[in-house]
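Each remark here refers to the structure printed beneath this line.
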Amino acid sequence: MRQTRRDFLKTITRGALVTALPLGAFKFLSPREARASVESTKVRWGFLVDTFKCVGCGFCVKACKLENEVPYDTPVTRTWVERYVILKNGRMLADTPMGGRDGFTDPKVQEEEINPKDIAKGFFVPKLCNQCENPPCVQVCPVGATYQRADGVVLVDRSWCIGCGYCIMACPYGVRFFHPVYHTAEKCTFCIHRLVKGMNTACVDACPFGARKVGNLKDPNDPVTQVILNQRVAVLKPEYGTKPQVYYIGLDENVR
Amino acid sequence: MDVYVHGLEWTLKELFVYPNEFIYWSIQIVMYPYMTGLVAGAFVLSSLYHVFGQEDLKDLAKFALVFSFALLIVAPMPLMFHLQHPMRGMEVFFTPHFTSAISAFGIVFFSYSIIVATEIWFVYRKFFVEQSMALKGKEGLVNRIKWLIYTALTLGAYDISPEALHKDEKAIKILAGVGIPVACFLHGYAGFIFGSVKANALWMTPLMPVIFIMSAIVSGIALCMLTYIIIMEWRKFRIRTSKKPWEMTAEEVGGVELDLMRKTSKYLIGFMIAAITLELLDLVFRGYTAVKSWDILRSIIYGKDFVNIFIKQYTFGNLIPFIMLLLPRPTVKRLVIALSLVLFGVFMMRWNVVIGGQAFSLTFAGYMHYKIPVIPHNMQTFKEGVTGALVIGIMPFVLFWGINKIVPSLKYK
Ligand code: SF4
Ligand code: SF4
């Protein structure tokens, strides 16, 4: 049987297709792709901190520790408040005693007496997990105990974490620690158990000055999204490429 | 469950440090790359003979191979001591998350163990067969047990004709050849665990894996040499003090020993030069490019950790032993001191990477100091203190002693 060139090409193409199709079925989906194919992604939680409004009362830290059962008298905490004092000579001093849980009642910063006349500016900066879009903590977990939800929130599976501490090392913001009771990696969850019920996070509810807000970044009409879109905001340490999703109004270059 | 904050007990904070920052990776994470490094180094030493036919290393090769197996068994133990949930450690094998550098551990570790075990088997197959034949039908419980062990170890392969042994030789060569990249990978990836942490200014450099491999080989060779010397000295002592005649005199043993050590130290010096060059390159590069983190790094390297880095690691761990090894007419005493210093130097390098990398805060405006627990008063301070490190440090020798009873790596020629 003579085979024309056209037949030959046809056969080849068909053959290639037949082999390629099943291979395609085995294509590895990245976790993000897999999630996108099954879950709705109409929600992306984000956070907005207005540093001009924060007075350093520490109510958010208190509320968080109680809500999320992080032993109250341990120094570790899911959220904390930092105090910055910039002197006229450019020197920066900062502290966060007990994560700012009890407010900042001591005029000494870093155990230093400061003459109020020397102060150029001072302010407070609340911190929490940035629920990074590109979270290094998830990347390094050897057993997949740390994972990212479709709505962007990064969680730790307490029943699966082996307690290696790799994620703690990988987070550039120092938000992770070992839970003093469970001894697994622990971090701010944006109070996801409250968000899914339509409530606010505990810290947002606790803040008497409205310095903290949580919102859905995928909803253009959400007040948080509105501010992020229309005003000048910044994120912490963008140079690490983690794409943090906690936005700050009035972030100073001295903030670490 | 106990309520405690991990790291609180041994971390001293200074200036501005985030509230959740502590020395989370303590002494066991120093021991971990130190141990894997010794494994890799010992194996590379044995392969120098098997693959590259460095005849001068023949006697040391067999010993290094068996010793590397003992070290290999100990290598994952520091991790076990370190984990907050050691009972869940198995998950790393069952549910590996492949974007993590640690998750590759299971695969690399197992493939490497199989290679080493198979190679040992090929090297000793003839011996196993001979033992099994000789012990067959002998009276006494000990002989029976020994016979059982050796018979099992032959795996039913009794052919020790010259052709079969020749095939064994070939297999050994291939295994040793494959083993070198795997050994380097095993350790290089330990370096990758650190080098890939972008949050840590001191760790993040692509040079980290290569630096780790070089210093690994240095420490592996040094440990093999040191252990060899100690065993030979012990043998000399036994020959001198015993009444029955030995096949060699103490002087002859001493001659062989020194000759072998002189040859091996050449390789050691070569790898030491490579390791130092890379480390200095890293340091110079950091200083020259001086990115944002350099200010705090400089205050650590030239300030807080100056003694650890420049005195303990570079001077005592590198420079002095380097000169001692280069000087002509080596003596056993000098070698022992030089080799111990080399081992100490590599340990200090691991320490300066792991602990030094946590000596400064992520704020770049504060410091943390690791106060290593010496006398333990609970499980934490035992595992992550001097005692835990000592347990890990002694274990390979105990294991080697046991393995050497079955697979004699020193007597059998
Ligand atoms: S802030 Fe830290 S813990 Fe939170 S998602 Fe980013 S890297 Fe992970
Ligand atoms: S501490 Fe837990 S969550 Fe963090 S990397 Fe290790 S196993 Fe994963």
Keeping the other protein chains in place, figure out the carbon and sulfur percent of the accessible area of the stretch B:199-353, with a 1.4 Å probe.
-> 72
Quick one: what Rg and Dmax do you get for the stretch B:332-393 from the alpha carbons, in Å?
-> 15.3, 50
With a 1.4 Å probe on protein heavy atoms only, work out how much accessible surface B and A bury together, total over both chains, in Å² to the nearest 100.
-> 3900
Carbon plus sulfur fraction of accessible area for the stretch A:136-255, probe 1.4 Å, in percent | 53
For the residue pair B:L141 and B:E14, what label-to-label distance in nm results when each label sits 7 Å from Cα along the Cα-to-beta-carbon direction?
-> 6.1
Please report the relative contact order for chain B, taking Cα pairs under 8 Å with a sequence separation of at least 6, and give it as a percent rounded to a whole number.
-> 28
Low-density loop chymotrypsin sites (Phe, Trp or Tyr not before Pro), the stretch B:149-196, at most 14 other Cβ within 10 Å, DSSP non-H/G/I/E/B, are B:Y158
The summed charge of the B:M214 Cβ neighbourhood (under 12 Å; Lys/Arg +1, Asp/Glu -1) stands at -2
Say each of A:N134 and B:K170 gets a label point 7 Å from the Cα, pointing the same way as Cα to Cβ; how far apart are those two points in nm?
-> 5.0
For the stretch B:100-169: rounded, prolate or oblate by the Cα gyration tensor [a/c cutoff 1.5] = oblate
Projected onto the charge dipole of the protein assembly as shown (+1 at Lys/Arg Cβ, -1 at Asp/Glu Cβ, origin at the Cα centre), which of B:T315, A:V70, B:Y189 gives the Cα projection farthest towards the positive end?
-> B:Y189
Phi-derived 3J(HN,Hα) across the stretch A:48-59 with the Karplus relation (6.51, -1.76, 1.60, θ = phi - 60°), rounded Hz, x for Gly and Pro, is 10, 10, 9, 5, 5, 8, 6, 10, x, 6, x, 4
Tell me, what is a quarter of the convex hull surface for the C-alpha atoms of the stretch B:105-260, in nm² with one decimal?
-> 14.2
Eligible lysines near A:K121 by straight Cα distance, threshold 24 Å, same-chain separation 8 or greater = A:K53, A:K88, A:K108, A:K237, B:K292
Selection from B:F94, B:Y18, B:G156, by position along the positive dipole direction of chain B (Cβ) = B:G156
What FRET efficiency comes out for the pair B:E251/B:I320, r = Cβ-Cβ distance, R0 = 22 Å, nearest 0.05?
-> 0.15
May I ask you to list the lysines whose Cα is less than 17 Å away from that of A:K197, ignoring any residue fewer than eight positions away on the same chain?
-> A:K42, A:K213
Near the amide H of A:G144, under 5 Å away, which other amide H atoms are found, from residues 5 or more places off or on another chain, if H is placed in the peptide plane?
-> B:H97
In bins 10 Å wide, starting from 0, what share of all Cα pairs of the stretch B:200-288 does each bin hold, as a percent?
-> 15, 32, 21, 16, 10, 5, 1
Volume per residue of the C-alpha convex hull in the protein assembly as shown, rounded to whole Å³ = 250
For chain B, alpha-carbon Rg and Dmax in angstrom = 23.1, 75
Take the alpha carbon gyration tensor of the stretch B:273-387, find the square roots of its eigenvalues, order them as a ≥ b ≥ c, and report rounded if a/c is under 1.5; if not, report prolate when a/b exceeds b/c, else oblate.
-> oblate
Compute the separation of the alpha-carbon centres of the stretch A:185-228 and the stretch B:100-172 and state it in Å as a whole number.
-> 63
If exposed means GluC sites (Glu not before Pro) lying in a DSSP loop and surrounded by at most 11 other beta carbons within 10 Å, then the longest stretch of chain B lacking such sites spans residues B:248-413
Find how many whole Å separate the alpha carbon centroid of the stretch B:186-214 from the alpha carbon centroid of the stretch A:40-62.
-> 36
Candidate aspartates and glutamates - alpha carbon under 15 Å from B:K383, same-chain residues fewer than 8 apart omitted | B:E9
Treating the beta-carbon of each Lys and Arg as +1 and of each Asp and Glu as -1, no other charges, what is the dipole magnitude of chain B about its Cα centre, to the nearest 20 debye?
-> 900
Calc'd 3J(HN,Hα), the stretch A:155-171, phi into Karplus 6.51 cos²θ - 1.76 cosθ + 1.60 (θ = phi - 60°), Hz, glycine/Pro = x, comes to 10, 10, 8, 5, 7, 10, 5, 8, x, 7, x, 5, 5, 4, 5, 7, 7
Could you give the accessible area per residue of the stretch B:132-218, probe 1.4 Å, as a whole number in Å²?
-> 51
What shape does the stretch B:41-180 take by its C-alpha gyration tensor, where a ≥ b ≥ c are the square roots of the eigenvalues and a/c under 1.5 counts as rounded, a/b above b/c as prolate, and the rest as oblate?
-> oblate
Output for the stretch B:245-295 (equivalent-ellipsoid semi-axes, sqrt of 5λ from the C-alpha gyration tensor, Å, descending) is 47, 9, 5
So which residue, out of B:Y288, B:Y302, B:Y370, gets the largest mean-square fluctuation from a GNM of chain B using Cα contacts under 10 Å as springs?
-> B:Y288
Mind jotting down the distance between the C-alpha centroids of the stretch B:331-392 and the stretch A:88-165, whole Å?
-> 28
FRET efficiency (B:V398, B:V336; Cβ distance; R0 25 Å; to 0.05) is 0.75
Any chance you could list P(r) for the stretch B:7-73, counting all Cα-Cα pairs in 5 angstrom bins from zero, rounded to whole %?
-> 3, 16, 17, 12, 10, 8, 7, 7, 7, 7, 4, 1
Could you pull out every whole DSSP H run in chain B that spans at least 30 Å of Cα extent along its own axis and averages 0.5 or higher on the Kyte-Doolittle scale?
-> B:27-50, B:104-135, B:162-195, B:208-241, B:250-289, B:332-354, B:386-406
Residues of the stretch B:187-211 with backbone N under 17 Å of the label point set 7 Å from the Cα of B:I273 along Cα→Cβ are none
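The values are calculated or read from the model by the stated rules, or taken from the named source; none is laboratory data. Keep in mind the model is a prediction, meaning the values are calculated, not measured. When we count neighbours, we look across all protein chains shown, and the Cβ atoms used for this are built from the backbone with ideal geometry, even at glycine. All accessible areas refer to the heavy atoms of the entire protein, side chains included, with ligands and DNA or RNA removed. Shrake-Rupley method; radii C 1.70, N 1.55, O 1.52, S 1.80 Å.
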